[in-house]
Amino acid sequence: MSFNRSSPFGPRLLPESSLPANTLPHPTFLARPLVHIPPVVAMHFPSFTSTVVLALAGFPPILGAIIQPGAAARDATAFIPTPVRRAPDPVVPHDLHFNPTGIALRPLAVNPVSARAYTNAELLARGLPPRRPAFNKPSRAQYAPRRRQGAQTQPQWNPKPSATPCKVQQETGIISVPEKAGFVAHTVNSFGEYGLTNNILEALRVVLKRCEGNNVPFEIATLNGLRDFTVLGGVVGIASTNDTLSKGSFNYVYVTGATSVPQGTPEDAPNGFTGATGTRRDVESVVWTLSNDILGFGTLKLNWVNPDGRLAQGTTAVFVPDANAFAVTGDLNVFREAFGTADEVSFFFLPDL
């Protein structure tokens, strides 16, 4: 049956037999133009019910597949959600050690604590007499004979050259660790790393070798520390995978005695850790800056330069109580996951008064 829209009395039903063989009513039964079906299709689907099923279910997909091969396959995958990719968490091995194990260690010589390394107040606290005052008098070595023909030899004053080309006074003092209520000790552990002491008389005495200012990296010389490694520097940790300190890595550097190397990226050089263990490690020595400087007091920071020439960002100084050693790492949380307890600390310079 179908509707006849041309009747003056409104739509009325028409028998299917009254329709041409090649026309079929629209499947929605609304007053719309009749759909023209090719004879070939009408031959295979002559009945009204079959035509509706074909129009609603099978005909459009089949026709689309014939006109555009592969379109159905593309449409099926067009709405597959894209998975969200997240950065993987750092994988930390569980067999790491802050210091090497199972090796023979060699003892390191430490400069004795002499009276010249202490202020008068510290000498009195130890029951020692104060130092004699040093007067600014020229010594005999500063006189040089000058002989003139026919004249007697007369002493001649040779002006003393400038003490240093540096623009900033090179302060002497000790390094305190406020978070631990102690100081960097002048002695080292078995691996050649400086540790912590709560006795000010056992503190490491140092000289800040500043030449350009507080914010330009400089070296720190040690007066009563390791005899053969008289610069306080950074040495790449034995468990570090490379010389880079960065976020997401447990890499670290020991704070220990070293030898002076040019400012820049790490390089192989003698140091306290290598002297004690025999294992060669890379070193940086021109790494220190002084901030919040008030009358010489201030916070010391170790500024590590990664092998790519860039300054390591977000580094943290730590104290590892199990090793009685100080270190600097790029990621404190990952470092703790790898090596256990590590206390965040800072180094505060106390100049001699």
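Each other residue within a Cβ distance under 14 Å of Val320 adds +1 if Lys or Arg and -1 if Asp or Glu, for a net charge of -4. Taking a straight line from the alpha carbon of Lys180, these aspartates and glutamates sit under 20 Å away, with near neighbours fewer than eight places off in the same chain left out: Glu193, Glu202, Asp322, Asp343, Glu344. For the listed peptides 256-263, 317-324, a ranking on the average number of other beta carbons within 10 Å per residue, highest first, reads 256-263, 317-324. Here each label is just a point 7 Å from Cα along the line to Cβ, and for Gln169 and Gln313 those points are 3.7 nm apart. Residues Glu171, Glu179, Glu267 ordered from highest to lowest accessible area at a 1.4 Å probe: Glu179, Glu267, Glu171. Amide H contacts for Thr244 (H built 1.01 Å from N in the peptide plane; partners 5 or more residues away or on another chain; cut-off under 5 Å): none found. Remark: the Cα gyration tensor places the range 246-290 in the oblate category, a/c being 1.5 or greater and a/b not exceeding b/c.
Taking each residue as 0.36 nm, the span from Asn242 to Glu337 lengthens on full extension beyond its C-alpha to C-alpha distance by 32.4 nm.
Oblate is the label for the range 208-305. Its Cα gyration tensor axes, ordered a ≥ b ≥ c, give a/c of at least 1.5 and b/c at or above a/b. How about Lys209: which aspartates and glutamates have a C-alpha closer than 16 Å to its C-alpha, ignoring those fewer than 8 places off in the same chain? Partners found: Glu171, Glu219, Glu284, Asp293, Asp352.
Can you grab the distance from the C-alpha centre of the range 213-244 to the C-alpha centre of the range 311-340, Å, no decimals? The range 213-244 and the range 311-340 have Cα centres separated by 16 Å.
Let me make sure I get this right: for the range 248-353, a, b and c are the square roots of the gyration tensor eigenvalues over alpha carbons, sorted descending. Under 1.5 in a/c it's rounded, otherwise prolate if a/b > b/c, else oblate. Which is it? Because its axes are fairly even, with a/c under 1.5, the range 248-353 counts as rounded. Distance between the 7 Å Cα→Cβ label points at Glu202 and Ala104: 2.9 nm.
3J(HN,Hα) along the range 257-272: x, 8, 10, 6, 10, x, 5, x, 6, x, 8, 5, 7, x, 7, x Hz, from the Karplus curve 6.51 cos²θ - 1.76 cosθ + 1.60 with θ = phi - 60°, whole Hz, x for Gly and Pro.
The values are calculated or read from the model by the stated rules, or taken from the named source; none is laboratory data. Bear in mind that the values here come from a model prediction, so they are computed numbers and not experimental data. Every residue, glycine as well, gets a Cβ built from its backbone with ideal geometry; the counts of neighbours run over all protein chains shown. The accessibility values were calculated without ligands, DNA or RNA, using every heavy atom of the protein model including side chains. Shrake-Rupley method; radii C 1.70, N 1.55, O 1.52, S 1.80 Å.
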